[in-house]
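Colleague: Handing you a structure now.
The values are calculated or read from the model by the stated rules, or taken from the named source; none is laboratory data. Keep in mind the model is a prediction, meaning the values are calculated, not measured. Note: ideal-geometry Cβ built from the backbone for every residue, glycine included; neighbour counts use all protein chains shown.
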Amino acid sequence: MNEKFAFGPETGNTVYIRRVAMDSLPAEIRQQAPDVDALYAVHGIDGERLALVKDRDLAFVLARQNELSPVSVH
């Protein structure tokens, strides 16, 4: 969860933010966030998961810091 990702121009400018239930994630990730019900994923326009973060606000900040336009997905 602490690895940097090199966001590049190949991801386009739009990214999608969505809530991810902990039970749908691999055990390795669940062990790193034991007291959390869900994480928030940042997805590229091709659907690739670019990042997982603790909360929705952080996902939006991360996207904007990388000059991307975040859109919430339900």
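Colleague: Mind checking whether some residue in segment 2-15 is at pLDDT 95 or above and buried (at least 17 other Cβ atoms within 10 Å of the Cβ)?
Modeller: Yes, segment 2-15 contains a residue that is at pLDDT 95 or above and buried (at least 17 other Cβ atoms within 10 Å of the Cβ).
Colleague: Going through segment 11-58 one residue at a time, which ones are in a helix (DSSP H, G or I) and not hydrophobic (A, V, I, L, M, F, W, C)?
Modeller: 11, 23, 24, 28, 30, 31, 32, 56, 57, listed by residue number.
Colleague: Do you know which residues across segment 28-45 are without any contact (Cβ under 8 Å) to a residue 24 or more places away in the chain and of a type outside the set (A, V, I, L, M)?
Modeller: 28, 30, 31, 34, 35, 37, 40
Colleague: Which of (1) at pLDDT below 95; (2) part of a helix (DSSP H, G or I) does residue 61 not meet, given it meets every other one?
Modeller: All conditions are met except number (1).
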